[in-house]
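Read-outs: derived from the displayed coordinates by stated rules, not from any lab. The structure presented is a predicted model; accordingly, all values stated were derived computationally and were not measured. Virtual Cβ from ideal backbone geometry, glycine too; neighbours counted across all protein chains shown.
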Amino acid sequence: MGVFFETNIRNEASMSKKKALDSVDVAILKALQADASMTNQAIGELVGLTPGPTHSRIKRLKEEGIIKGIHADLDWTRLGYDFFCLMDVKVEAERAEEGGVILTQVPNIWNVCKIQEPGNDREVTFRVWAVSDSRETMLIIMGNLMEVYDGFVDVHVQEMELLSRHPGVVNVGRVVLGDDVPIWSWEK
């Protein structure tokens, strides 16, 4: 017996917020997501451009803030970072902006999301993903934050096993170009 799930939803409101990109821009973004170390020559060959126009497009995408940076995809476990966690950090609502800025500066935190629970005007929860050499190190970091910054109300640390991490996981073409492709499908 198989299970099949597929959905294809278009959100016209989010489509109107996007930058005006064409299929070549999207192909360049996909290439960089797959391998950010590719040369302009190699990317140009994939998208049908010479290195000069490829460089110009990448430069424009950077200037427009679409490409925020080119990063190395490091294997944290091989570097000795064996503790992966998800943390919920509660902050007083009136100090949420300041708390969010502080959290983005904490070493080893790689994602910070703000969650506002309906009906709770007193607190805001930040959900953060972090990596460290040990649970103790992360608890020391967060304990120091709780002592130094009185806007943090509570920290809940949940250890997790990192199964995979995909830096190029976003399907750029579906959102940017409105490509009629499934958001996600799985067949078992």
Fill in the blank from the handout: Note, the stretch 84-94: 3J(HN,Hα) by Karplus (6.51, -1.76, 1.60, θ = phi - 60°), whole Hz, Gly/Pro = x, goes 10, 8, 10, 10, 9, 10, 8, 10, 4, 3, 6
Practice task
Enumerate the calculated ³J(HN,Hα) couplings along the stretch 129-138 in order (Karplus 6.51 cos²θ - 1.76 cosθ + 1.60, θ = phi - 60°), each rounded to whole Hz, writing x wherever the residue is Gly or Pro.
Solution key: 10, 9, 9, 7, 6, 7, 4, 4, 4, 5
Exercise for the section: Just flag the GluC sites (Glu not before Pro) in the stretch 58-132 sitting in loop per DSSP whose Cβ has no more than 13 other Cβ atoms within 10 Å. Expected result: GLU64
Completion exercise
For the stretch 67-116, listing trypsin sites (Lys or Arg not before Pro) in a DSSP loop whose Cβ sees at most 12 other Cβ atoms within 10 Å gives LYS68, ARG78
Completion exercise
The pairs in LYS30/LYS68; LYS68/LYS90; LYS30/LYS90; LYS68/LYS114 lying past 25 Å Cα-Cα in this model are LYS68/LYS90; LYS30/LYS90
Fill in the blank from the handout: Sorted by chain and then number, the residues having a modelled amide H within less than 5 Å of the amide H of VAL153, at least 5 places away or on another chain, are LYS90, VAL91, GLU92
Practice task
Pop out the ³J(HN,Hα) list for the stretch 45-55 in order, Karplus 6.51 cos²θ - 1.76 cosθ + 1.60 with θ = phi - 60°, rounded to Hz; leave Gly and Pro as x.
Solution key: 4, 5, 9, x, 10, 7, x, x, x, 4, 4
